[in-house]
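The values are calculated or read from the model by the stated rules, or taken from the named source; none is laboratory data. Computed from a prediction, not measured in an experiment: that's the story for all the values here. Glycine gets a Cβ as well: all are built from the backbone with ideal geometry, and neighbour counts include every protein chain shown. All accessible areas refer to the heavy atoms of the entire protein, side chains included, with ligands and DNA or RNA removed. Shrake-Rupley method; radii C 1.70, N 1.55, O 1.52, S 1.80 Å.
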Amino acid sequence: MQVFAQVVATGSLSSAGRELGLSPAGVSKRLRRLEETLGTRLLQRTTRQISLTEAGQAYFERIGPLLAGIEDAEHFISRRSDAVRGTLKVSAPTSFGRMHIAPHINDFMRSHPELAINLQLSDTFVDIVGEGFDLSIRIGELTDSSLVGRKLAPVRRILCAAPSYLDQRGMPETLADLADHLCLPPHNHDTWKLEGPEGPVTYRPDGPLKTNSSEVIREAVIGGAGIALRSTWDVTAELDAGKLVQVLPAYEGSRNVGIYALYASRQFLPAKIRAFIDFLVTLYQPMFGESH
């Protein structure tokens, strides 16, 4: 339809081809296919001129509004994809969302007054596509190949305990000494992936507390319940205040762990998702280090 309309408007196949980026032969082929589909001749073509048949004139008059409507729809969608508006549905871990997203959300919303935020905090992994999330903030190793991930910042995790606990149970000197201590397993799996002098090691912590909440583990270690592996973004204030002490400093959490923004597809990424990710990168680089 567009080729036919352009030929009528310009009066020649070569001029229409230049406008559409097609060769005259390509234009002729498309016109012939259109006429075969419709079962009628639309144009009378001679070496000197092109003229509309009666059917071609009637067809041209009727497709004009259709083509204009399609062009208007494309411009409308293009404008929407470039505008930060609508509702952005985000999933994030409870502690991280409370400490490092919630305090800054107003700044982002003020910069984008046509955007509403639906922020859901949970310590369980959500089904981004199935539950209708635009993106999810996850802390861990990037393993889900069905999603697109952008690393917002690295994560440093250390073993720590409260001074009151260490006063009672003593300071462990080796990784093997942890067998004589109360350890607080992570809320979403049962092993600690560590890196030490001998390289990567895995340790299975054991203790009396089991929970699905990272915040419960956090409060328990601060309260003196045992030794935990915590991210520095989570306990820096307590370390600085002396409420927590680093244990076995030669061992830290796997360096493959990072803070990631995960979303369904890189193709046609909506402006609202791109804007929020860029905002978080700008926010977290000074806090946690370079993103990748």
Might you let me know whether segment 248-256 holds any residue that is at positive phi and hydrophobic (A, V, I, L, M, F, W, C)?
yes
Looking only at segment 258-276, and only at residues there that are open to solvent by less than 10 Å² (accessible area, probe 1.4 Å) and closer than 30 Å to Ala228 by Cα, the one that is farthest from the chain's Cα centre (by Cα):
Gly258
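Could you grab me the full set of residues in segment 223-244 that are of a type in the set (Gly, Ala, Ser) and open to solvent by 50 Å² or more (accessible area, probe 1.4 Å)? Steps first, answer last, please.
Pass one, segment 223-244, residues of a type in the set (Gly, Ala, Ser): 223-226, 228, 231, 237, 241-242.
Those that are of a type in the set (Gly, Ala, Ser) and open to solvent by 50 Å² or more (accessible area, probe 1.4 Å): Gly223, Ala237, Ala241.
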Filtered residues of segment 1-28 (kept if within 23 Å of Arg62 (Cβ to Cβ) and out of contact with any helix residue (DSSP H, G or I) (no Cβ under 9 Å at 6 or more places or on another chain))
Gly11
Within the bounds of segment 158-171, is there any residue that is out of contact with any Ser or Thr (no Cβ under 7 Å at 6 or more places or on another chain) and closer than 30 Å to Phe276 by Cβ?
no
Only residues that are more than 11 Å from Met1 (Cα to Cα) and β-branched (Val, Ile, Thr): list them for segment 28-67, please.
Thr37, Thr40, Thr46, Thr47, Ile50, Thr53
Within segment 190-199, tally of residues that are charged (D, E, K, R) and either farther than 15 Å from Val257 by Cβ or surrounded by fewer than 10 Cβ atoms within 10 Å (Cβ to Cβ) (or both):
2
Among the numbered criteria (1) more than 26 Å from the chain's Cα centre (by Cα); (2) modelled with pLDDT of 90 or more, which single criterion is violated by Arg230?
(1)
What single numbered condition from (1) in a helix (DSSP H, G or I); (2) over 20 Å from Glu71 (Cβ atoms); (3) open to solvent by 50 Å² or more (accessible area, probe 1.4 Å); (4) not hydroxyl-bearing (Ser, Thr, Tyr) fails to hold for Ala9?
(2)
Given (1) within 25 Å of Arg98 (Cβ to Cβ); (2) touching a residue at least 40 places away in the same chain (Cβ under 8 Å), index of the condition Pro197 fails
(1)
Those residues that are within 20 Å of Ile259 (Cβ to Cβ), open to solvent by 20 Å² or more (accessible area, probe 1.4 Å) and hydroxyl-bearing (Ser, Thr, Tyr), I need them from segment 200-222; list them, please.
Ser213
Within segment 28-68, residues touching a residue at least 60 places away in the same chain (Cβ under 8 Å) and open to solvent by less than 50 Å² (accessible area, probe 1.4 Å) come out as Ile63, Leu67
